[in-house]
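No lab work stands behind these numbers, since they all come straight from the coordinates. What you see is a predicted model, and the numbers here were worked out from it, not measured in a lab. No Cβ is skipped: glycine too gets one built from the backbone with ideal geometry, and neighbour counts run over all protein chains shown.
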Amino acid sequence: MVLPLPVELAVLGGWLLALAALGVVVVLLARTAALGRRLSALEQHRPAGDADLAALRAEVAQTLKHVAVVRYDAFADMGGRLSFSAAVVDDSGDGLVLSSIHARGESRTYAKGVVAGASDATLTPEEQQALAAARTGKDPS
């Protein structure tokens, strides 16, 4: 027999999942910054050959460094813009869109893959807005 979780535990679980997803984004951004510093150091000292620099530039282009977050109210009876969609993509538009939908009794988190700026899964208007903002670098508001 499966007993339902109390509403507070279900909401807490959703928030923990959303926080874990945002933690992944922070780690990826830190890795991107480290690669950028490494590339700058190589360009200044030029001990590496042109092939090494080209390989490093290609690696930097594939890092998930373009990020945008759109906050919104998913339901009319909920305020505070607690729901969000976050897009994290590389220079080619490959990456993912994370969405967390907050309701009174629960919170749900979704992840959708993105290849070349498009997803196999249907993107909500908020997810499309976050993806467009991440790809263009413009403020999503």
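Got a sec to turn the phi values of the range 121-131 into Karplus ³J(HN,Hα) couplings, 6.51 cos²θ - 1.76 cosθ + 1.60 with θ = phi - 60°, whole Hz, x for Gly and Pro?
Residue by residue, the range 121-131 yields 7, 5, 8, 6, x, 5, 5, 4, 5, 5, 5 Hz.
Could you give the size of the charge dipole of the chain about its Cα centre, using +1 on the Cβ of each K and R and -1 on the Cβ of each D and E, expressed in debye and rounded to the nearest 20? Don't jump to the answer; show the numbers that get you there.
Details: 13 positive and 15 negative charges, 59 e Å.
Dipole about the Cα centre, nearest 20: 280 debye.
For ALA103 and ASP120, compute 0.36 nm times the residue count separating them, minus their Cα-Cα distance, and round to one decimal in nm. All intermediate terms of the calculation are to be shown ahead of the outcome.
Details: separation 17, 0.36 × 17 = 6.12 nm, distance 2.60 nm.
Additional length available on full extension: 3.5 nm.
If R0 is 22 Å, what FRET efficiency do you get for ALA34 and ASP91 from their C-beta distance, rounded to 0.05?
Working: r = 17 Å, r/R0 = 0.77.
Plugging the Cβ-Cβ distance into 1/(1 + (r/R0)^6) gives 0.80.
Listed highest first by mean packing, meaning other Cβ atoms within 10 Å per residue, what order do 95-102, 77-84 come in? Before the final figure, lay out the partial values.
On the way: 95-102: 22.5, 77-84: 13.6.
Result, highest mean Cβ count within 10 Å first: 95-102, 77-84.
Quick one: plug the Kirkwood hydrodynamic radius of the range 7-136 (C-alpha pairs) into Stokes-Einstein at 37 °C, 0.692 mPa s, and report D in µm²/s.
Numbers: Rh = 16.2 Å.
Translational D for this selection: 203 µm²/s.
Once the Cβ-Cβ distance between ALA41 and LEU19 is put in as r, and R0 is 25 Å, what FRET efficiency do you end up with, to the nearest 0.05? Walk me through the numbers on the way to the answer.
Numbers: r = 33 Å, r/R0 = 1.33.
Rounded to the nearest 0.05, the efficiency is 0.15.
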